[in-house]
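S.K.: There's a structure below that I have some questions on.
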Amino acid sequence: MPEIPLAPLRRPEPGLIEIDLDARPAHVMVDGRRAMLWTYGGSFPGPLVRLSEGETARLRFTNRLPEATNLHFHGLHVPPTGRADNIWLHVPPGESFTYEFSVPSGIAGTYWYHPHAHGTIARQLWAGLAGPLIVEGPLEAMPELAARMSESRCSRILLLTSSGGQHRTECTTGTRASRAICSW
Ligand SMILES: [Cu+2]
């Protein structure tokens, strides 16, 4: 299992997190073999996007692929419109788009992000575009719990896929495990 890097982030003011993410072709190691994939941030799976309940997430996404793509935040209860989880927006090659949404309370958990540009979803997903997303809740802000969590901090997130139009994600963190089967 590869170590999953944390997506570059800034907290320029309280309650606001800014994250840079790009999609690009990259050579990566998959099960000991070198492969050319389409990646987020040059890693496979893509970098971990870590958000907190109640904050505003601003994700500046740059498309360095040769075709249009976009971002979908799978499972997050955020609006599918505007600059939020709007799958109807397509980002042309070489262009950037800044997604922005408020992270609701009560949704702490493990999610993932992937492209959702109709007509190319499956191909782009199978090319390597998928990454984990964790929403932290108020419990993680408790110093005692934070100390325990840092000892057992999530270091592995396993993404499994199967054929037939379904994909399965299986994720394990220090404090919770979740498993989901979904179609897109
Ligand atoms: Cu999905």
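The values are calculated or read from the model by the stated rules, or taken from the named source; none is laboratory data. Quick caveat: nothing in here was measured; it's all calculated off a predicted structure. All Cβ positions, even for glycine, are placed from backbone atoms using ideal geometry, and neighbour counts span all protein chains on display.
S.K.: Whether any residue in segment 47-54 is touching a Leu at 6+ places or on another chain (Cβ under 7 Å), assigned to a loop (DSSP other than H, G, I, E, B), crowded, with 20+ Cβ neighbours inside 10 Å and of a type outside the set (Lys, Arg) is what I want to check.
M.R.: Yes, segment 47-54 has at least one match.
S.K.: Let me ask something else. One residue is enough: does segment 8-17 have a residue meeting the conditions under 21 Å from residue 111 (Cβ atoms), at pLDDT 95 or above, out of contact with any helix residue (DSSP H, G or I) (no Cβ under 9 Å at 6 or more places or on another chain) and buried (at least 19 other Cβ atoms within 10 Å of the Cβ)?
M.R.: Within segment 8-17, one or more residues are under 21 Å from residue 111 (Cβ atoms), at pLDDT 95 or above, out of contact with any helix residue (DSSP H, G or I) (no Cβ under 9 Å at 6 or more places or on another chain) and buried (at least 19 other Cβ atoms within 10 Å of the Cβ).
S.K.: When you go through 105, 96 one by one, which is the residue that is in contact with a Gly (Cβ under 7 Å, 6 or more places away or on another chain) and surrounded by fewer than 17 Cβ atoms within 10 Å (Cβ to Cβ)?
M.R.: From the options 105, 96, the qualifying one is 105.
S.K.: Take the residues of segment 75-93 that are more than 16 Å from residue 21 (Cα to Cα) and within 13 Å of the ligand (Cβ to nearest atom): which is surrounded by the fewest Cβ atoms within 10 Å (Cβ to Cβ)?
M.R.: Filtering first and then ranking leaves 80.
S.K.: Considering segment 43-95 alone, what residues qualify as being closer than 23 Å to residue 118 by Cα and of a type in the set (Gly, Ala, Ser)?
M.R.: Answer for segment 43-95, where residues must be closer than 23 Å to residue 118 by Cα and of a type in the set (Gly, Ala, Ser): 46, 68, 75, 82, 84, 94.
S.K.: Read through the list (1) surrounded by fewer than 16 Cβ atoms within 10 Å (Cβ to Cβ); (2) in contact with a His (Cβ under 6 Å, 6 or more places away or on another chain), then give the number of the only condition that residue 111 fails.
M.R.: Of (1) surrounded by fewer than 16 Cβ atoms within 10 Å (Cβ to Cβ); (2) in contact with a His (Cβ under 6 Å, 6 or more places away or on another chain), only one is false for residue 111: (1).
S.K.: While we're here: Within the set of pairs 6 or more residues apart or between chains, which connect a residue that is farther than 9 Å from residue 22 by Cα inside segment 62-73 to a residue that is polar (S, T, N, Q) with Cβ atoms less than 7 Å apart?
M.R.: Final answer for the pair search is 67/120; 69/63; 69/124.
S.K.: Has segment 116-123 got any residue that is farther than 23 Å from residue 10 by Cβ and away from the ligand (no atom under 15 Å from the Cβ)?
M.R.: Yes, some residue in segment 116-123 is farther than 23 Å from residue 10 by Cβ and away from the ligand (no atom under 15 Å from the Cβ).
S.K.: For the subset of segment 18-46 comprising residues that are of a type in the set (A, V, I, L, M) and closer than 29 Å to residue 104 by Cβ, which member is surrounded by the most Cβ atoms within 10 Å (Cβ to Cβ)?
M.R.: 23
S.K.: Within the group 17, 87, which residue is among the β-branched types (Val, Ile, Thr) and assigned to a loop (DSSP other than H, G, I, E, B)?
M.R.: Step by step, each of 17, 87 is checked, and only 87 is among the β-branched types (Val, Ile, Thr) and assigned to a loop (DSSP other than H, G, I, E, B).
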